[in-house]
Amino acid sequence: MVTDVREEVRSKYAEAARSVVAGGQEETDLQAGCCGAPSGSCCGDSADGPAQQLYDVTERESLPNEAVLASLGCGNPTAVADLHEGETVLDLGSGGGIDVLLSAKRVGASGKAYGLDMTDEMLSLALENKQKAGVENVEFLKGYIEAVPLPAGTVDVIISNCVINLSTDKQAVFEEMHRVLRPGGRLGITDIVASSDLSQEERAERGSYVGCIAGAMTFDEYERGLERAGFTAVEITPTHSVAEGMFSAVVKAARAHSGTRTMHPPEH
């Protein structure tokens, strides 16, 4: 199942990147739904694409149009992560690079922004957008969010935009986030989260895995998963409904300043 879902996700995002590069894809066709969802998606029912709804005009105008067109997220993690000059940021599932480029501007020349993606077509598009934006403090990496290709304790802030729900091993993602964060580091994530009374079967009835719906964790599952990985101060705040019992949400958490870690037993 892991391979099948991963390849389905990779194929959908590769198609989106090729559409942007081709330059002939209308925004409403490409972005019928964030995360590849059908219309009436996690970004709402507006005819505008996700970026037009989630990023202000100043942010959009500061970026290459291709970065804006390739955005398929459900929020604006750079707005919730409270980034500061000199910080190192990692974007999990960075796509065409919109959140990486915005993060790079916020952390300045003394900071750095990494983008991690598994799709060659999106990485190629992101590198082109980096060049067009003239941003130097950016590096795009190829890999999986379940196995981040960075040393432990090298990142101050992790952001992600409607991506973690696509993983079939979310606990591995949480563990990797905790590993690469420095003590005192934090998360500023936007993701799709399900009401805690929805079963996995009910979630699957509301949408596909690649559409960010079937793979979404409940609020309780998300919080427990982050705590098991060692995170503290977990806050999950719904921002808007995307389907019955399904929400776009802001997820915040912190890695403790000390080197100690509270261990939680695995769920059965």
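Every read-out reported here was derived from the displayed coordinates using simple, explicitly stated rules and does not represent laboratory data. In this text, all values refer to a predicted model and were calculated from it rather than measured experimentally. A quick note on method: Cβ atoms are made from the backbone with ideal geometry, for glycine too, and the neighbour counts reach across all protein chains shown.
Data overview
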read-out: Linear extension gain, residue 3 paired with residue 15, 0.36 nm per residue minus alpha-carbon span; value: 2.5 nm
read-out: Filter on 12/105; 142/170; 142/252 - keep pairs with C-alpha separation over 23 Å; value: 12/105; 142/252
read-out: Loop-located GluC sites (Glu not before Pro) in segment 121-157, at most 11 other Cβ atoms within 10 Å (DSSP); value: 136
read-out: Net length gained if the chain between residue 109 and residue 244 were fully extended (0.36 nm per residue, minus Cα distance); value: 44.3 nm
read-out: Segment 2-255: Rg to Rh, with Rh as the Kirkwood radius over Cα pairs; value: 0.93
read-out: Net charge of Cβ neighbours under 11 Å - reference residue 59; Lys, Arg +1; Asp, Glu -1; value: 0
read-out: FRET efficiency, residue 56 to residue 182 (Cβ-Cβ, R0 45 Å, nearest 0.05); value: 0.90
read-out: By average C-beta atoms within 10 angstrom, highest first, the peptides 224-233, 109-118, 56-65; value: 109-118, 224-233, 56-65
read-out: Value of D in µm² per second that Stokes-Einstein yields for segment 84-194, Kirkwood Rh from Cα pairs, at 10 °C (1.306 mPa s); value: 115 µm²/s
read-out: Full-stretch length increase - residue 168, residue 131 - with 0.36 nm per residue and alpha-carbon distance subtracted; value: 10.0 nm
read-out: Inter-site label distance for residue 65 and residue 220 at 7 Å from Cα along Cβ, in nm; value: 4.9 nm
read-out: Whole-Hz ³J(HN,Hα) from phi, Karplus 6.51 cos²θ - 1.76 cosθ + 1.60, for segment 241-248, glycine and proline x; value: 7, 10, 6, 4, x, 10, 9, 6
read-out: Unit charges at the beta carbon, dipole of segment 2-255: most positive-side option, 250, 62, 104; value: 104
read-out: Projected label distance in nm at residue 82 and residue 120, using a 7 Å step from Cα toward the beta-carbon; value: 4.2 nm
read-out: Cβ-Cβ FRET estimate between residue 141 and residue 234, R0 fixed at 22 Å, reported to 0.05; value: 0.25
read-out: Calculated FRET efficiency for the pair residue 22/residue 257, C-beta based, R₀ 41 Å, to 0.05; value: 0.30
read-out: Cut-off 15 Å between beta-carbons: net charge of the residues surrounding residue 112, Lys and Arg +1, Asp and Glu -1; value: -3
read-out: Neighbourhood charge, 14 Å Cβ-Cβ cut-off, centred on residue 123 and excluding it, Lys, Arg +1 and Asp, Glu -1; value: -3
